[in-house]
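Some notes on the structure that comes next.
Since every read-out is calculated from the coordinates, none of them should be taken as a lab result. Since this is a predicted model, take the numbers as computed values, not measurements. Note that each Cβ is placed from the backbone with ideal geometry, even for glycine, and that neighbours are counted across all protein chains shown.
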Amino acid sequence: MTPESDDPASVDDTPWRRVLRALRARPGRSQVAAAVLCGLLAFALVTQAHSNASGSGLSTARTQDLLAILADLQGRADRLRSQVSTLQTTEGKLQGGSAGTAAALAEARARAQTLAILTGTAPARGPGIVLTVTDPRGSVPADELVDALEELRDAGAEALQLSGVRVVASTAVVGSAGGGIRVDGTPVRPPYRLVAIGDPKTMASALAIPGGVVDTIAGMRGAQAIVTTSPSVTVSALRPLATPRYARPAPTRSP
């Protein structure tokens, strides 16, 4: 028998007896404070996680809204793929040897027509939508119409016209002191009529997404936004061709 086994204190001092003594002992102030802080920290972490999970717009959106957003993104991807394919085909024609001259001439004519539409110097016609915004109380600010223009551009609109004024890349839409708005200096009053040429389904879906233009305008006093799709709309307003004051063509570099 070892000397430790002859000591009564060592016999009583087993691991289980130490646990029992720790459980029976009254906790000190520092232990209580540490336990309270741990509890508050756990509560804060759970609350933050719940807030992040519930604050996400997509997690609370309806299935129909999610499908609309997915369809809009898919439409944009399809348009980009189509543009890539068209450019690759054009590149192949331009590199086609003796037929390259005729292809280059046809490409130049097509580019001229495209630039005329983009700069607003030529009328355009095609499938599209008409967004009519009624605002009898003057609740719709100019910023909301700018948002509508940007949404339509992102959705692939190729030609735009706002209440008889052609909209191009440099168009400015601002509020007017006497009510209504000014489009490139031209005063425009409600109801506003925005005509856009492009894929009607894609553009209508872009305006109708949850929290988008249609929802925002519907939440304003007396205002309403109505989207009408059509197989053929006309953008007839024209802009004069401005001559650049400073920009000049850059010299081409040979490969």
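Separation of segment 202-227 and segment 234-250, taken as the distance between their Cα centroids, equals 32 angstrom.
Kirkwood-based Rg over Rh for segment 169-255 (C-alpha set), two decimals?
Here the Rg-to-Rh quotient is 1.10.
Placing a label point 7 Å from the Cα of residue 234 along the Cα-to-Cβ direction, the residues of segment 146-166 whose backbone N falls under 20 Å from that point are 158-166. Computed from the alpha carbon positions, the gyration tensor of segment 62-238 leads to an equivalent ellipsoid with semi-axes of 34, 21, 11 Å, biggest first. Once the C-beta distance of residue 125 and residue 252 is scaled by a Förster radius of 30 Å, the resulting FRET efficiency is 0.30 to the nearest 0.05.
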